[in-house]
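Notes for the one structure printed next.
The values are calculated or read from the model by the stated rules, or taken from the named source; none is laboratory data. Quantities reported herein were computed from a predicted structural model and do not represent experimental measurements. Using ideal geometry, Cβ is built from the backbone for each residue, glycine included, and neighbour counts are taken over all protein chains shown. Just so you know, the surface numbers come from the protein's heavy atoms only, side chains and all, with ligands and any DNA or RNA stripped out. Shrake-Rupley method; radii C 1.70, N 1.55, O 1.52, S 1.80 Å.
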Amino acid sequence: MTPHTAYPWEAPASGAAAALATQLAMSVPTLETARLTLRAIQLSDFDTFADILMSQRALYMDGPCDRETAWSEFTQCASGWMLRGAGYFTILLRDTGAVVGFVGMGMEYGDQEHELGYFLTAEAEGKGYATEAAEAVRDYALGHQEVPSLVSYIDPPNTSSAAVAARLGATRDTLSEAAFDTPVQVWRHQLEAYA
């Protein structure tokens with residue numbers, strides 16, 4: 001991880017604020033897969049989140065970015081639960097508790113539909129964690145959230161992410177892609193298959 005000087009906004013809450021933060025986090029579901037636990041994002045996850053977004057791994061996510069922008073993205077991923085009833089999870093290995101990435105369903109500024117997104121640390125790449133985590137979130141979103149549609153927006157050169165979407169059974173929606181000003185692949189997850 002990148003060493004840094006802690007900023008006040010990255011410090012944990014205390015007292016009644018900490019109790020409220022814990023209560024809100026407990027309202028976010030925890031999902032389990034064979035190898036992973038997906039839980040609410042916590043402040044202690046920010047260093048891993050920032051390391052990903054400040055690296056070349058964020059090339060297809062409008063990055064790399066600075067720490068301030070990473071913080072803005074981090075809070076957006078966490079706040080989705082409060083604003084829309086759906087958001088991002090931290091991905092942990094069940095056997096070690098290590099944080100290996102983030103996955104969730106969000107709707108960022110400019111999105112046309114709910115998006116299933118996923119990103120991992122470099123060490124977690126190539127082990128199937130993204131597919132395993134995204135499948136759990138997709139099934140939860142489609143089974144419990146009653147979303148009208150679910151897509152993954154993917155930068156065309158990001159073939160790894162496209163491969164994950166394909167493994168999940170998503171298909172390209174070139175008609176929807178035409179609505180964007182910049183090149184993007186829209187991978188549509190079929191709702192009827194999971195209803």
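Observations, loosely collected:
- Selection of first residues in the stretch 118-133 that are aromatic (F, W, Y) and of second residues that are surrounded by 20 or more Cβ atoms within 10 Å (Cβ to Cβ) and assigned to a helix (DSSP H, G or I), restricted to Cβ pairs under 6 Å at least 6 apart or on distinct chains, gives the following pairs, ordered by first then second residue: Y118/A130; Y118/A134; F119/I52.
- Filter result for D173 (acidic (D, E), at pLDDT 95 or above and in contact with a Phe, Trp or Tyr (Cβ under 8 Å, 6 or more places away or on another chain)): yes
- From the list E73, E32, E68, the lone residue that is touching a residue at least 24 places away in the same chain (Cβ under 8 Å) and surrounded by fewer than 18 Cβ atoms within 10 Å (Cβ to Cβ) is E32.
- Restricting the first member to the stretch 41-65 and to residues that are open to solvent by less than 40 Å² (accessible area, probe 1.4 Å), and the second to residues that are of a type in the set (D, E, K, R), the beta-carbon pairs closer than 8 Å and six or more apart or on different chains are F46/E10; F49/E73; A50/R67; L53/E73; G63/R57; C65/E73.
- Taken over the stretch 154-189, residues that are assigned to a strand (DSSP E or B) and open to solvent by 40 Å² or more (accessible area, probe 1.4 Å) amount to 3.
- Selected residue [touching a residue at least 24 places away in the same chain (Cβ under 8 Å) and either open to solvent by less than 20 Å² (accessible area, probe 1.4 Å) or among the acidic types (D, E) (or both)] from E115, E146: E115
Residues are listed down the side, and each one gets a yes or a no for (1) under 19 Å from A58 (Cα atoms); (2) small (G, A, S):
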site: G97; (1), (2): no, yes
site: F102; (1), (2): yes, no
site: M107; (1), (2): yes, no
site: A122; (1), (2): yes, yes
site: E132; (1), (2): no, no
site: L150; (1), (2): no, no
site: Y153; (1), (2): yes, no
